[in-house]
Each structure stands twice: as C-alpha cells, then as structure tokens.
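Input: a single structure, listed below in structure tokens.
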Amino acid sequence: MKTKRISDKVEKALNDQMTREAYQAQVYLSYASWAECNSYAGIATFLYKHAHEEREHMFKFIKYINDRGGKTKIEAIKAPPADPKDMEECLKNVLKHEIDNSAAIDAIVNLAHEEKDWATFNFGQWFVKEQIEEESLANDLLDKFSLASKVVGNNANLYEMDKDLSSAPQGATIPQEEKF
Ligand SMILES: [Fe+2]
Ligand SMILES: [Fe+2]
C-alpha cells in the first residue's frame, strides 16, 4: 500500500481527466466508424488510431494516480455525440474536442500549481505538450480537408487526402495491429 501523496482534490481532478480521456476515445471510435461507413477509409484508420492513443492517455492517468498512492475510480463513460453531418463537421468537432481537452489539462496544472504539488505539475506538463501536438494535428487535418474539398465536382483531391491519412504517423497502433 503506497503512502498517499496527492490531495483528495487532485485525486478527483486526475480521476475526472482519466474518464475524460476514455470519453475522447469513444468519440474518436464513433467518428472512425462513421468515416469507415462513409467510404473515408484513410480518415477512419487515422481516427481509429487516435482513439487508441486517447486510451493510452487514460492508462497514464491510472498509473500516475496509483503510483502516488491515490485511488483510481473506473466509472461509466458517457456516450459520444451524434454522428456528424459531413466530414467538415467531423473534423471541426475533432478540433473542438481537443481544445476542450487542453482546457481540462490546464485546469489540472493550475490546481497542481496552487497546491504546490510539483509532481502532478510535472506529470501535467507531458499532457500540456501532447495537447499542443494534438491541436496542431487536428488543425492540419481541417486545413487539408478545406484545401482538398475546394474544387467543386472533383473528388480526386479528397481521395488522395484520404489515402494520405491512412499512413499518417501518430505513435499509436490500432486494435487490429495489437498482438495479444
Ligand atoms: Fe488525450
Ligand atoms: Fe487528444
């Protein structure tokens, strides 16, 4: 049994964020499946991988809470929102989710700073940096899509973009690639 080295307030904030990362994964899973059914195979692969990455974030929170002698609470994950009406809305929502998530991470870092909990402050920095990358990735996706969809009546650009995204790097594997 480890000595508890985080306050109840920090423990709660970390648990809430752990569940939020799981929710993010559900959102990306639902968008990935929607994209797959709408013939965007490349974007679907990208989003499936991203769902997996969000679950890796969730694991980081579990590990940290437990390492600091806290108690991880696995709770119900709320359902993702309704399917987007088109790809533009899908990608705009991806960016919005990432920006909202950055705000939630910032709140944890703020709390850690207030409490002079430097271990949590340091832990949070990894996520601050990660969110810069994630927002940038979501912005790039949206930009690429805007460019690719500019020519009315010509879907060749969109097709190329979709192909391109199936191999875009992001450091996570999709469940089909896992070796259990
Ligand atoms: Fe995340
Ligand atoms: Fe994310």
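Each value in this text was obtained by applying a stated rule to the coordinates, not by laboratory testing. Computed from a predicted structure; not experimentally measured. Here the Cβ is made from the backbone with ideal geometry for all residues, glycine too, and neighbour counts use every protein chain on show.
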Answer residue from the stretch 30-41, given it is of a type outside the set (Ser, Thr, Tyr) and buried (at least 21 other Cβ atoms within 10 Å of the Cβ) and is farthest from the chain's Cα centre (by Cα) among those: Ala35
Positions within the stretch 104-135 being surrounded by 16 or more Cβ atoms within 10 Å (Cβ to Cβ), more than 17 Å from Gly70 (Cβ to Cβ) and among the polar types (S, T, N, Q), in sequence order: Gln131
Residue, farthest from the chain's Cα centre (by Cα), within the stretch 60-116, restricted to residues that are small (Gly, Ala, Ser) and part of a loop (DSSP other than H, G, I, E, B): Gly69
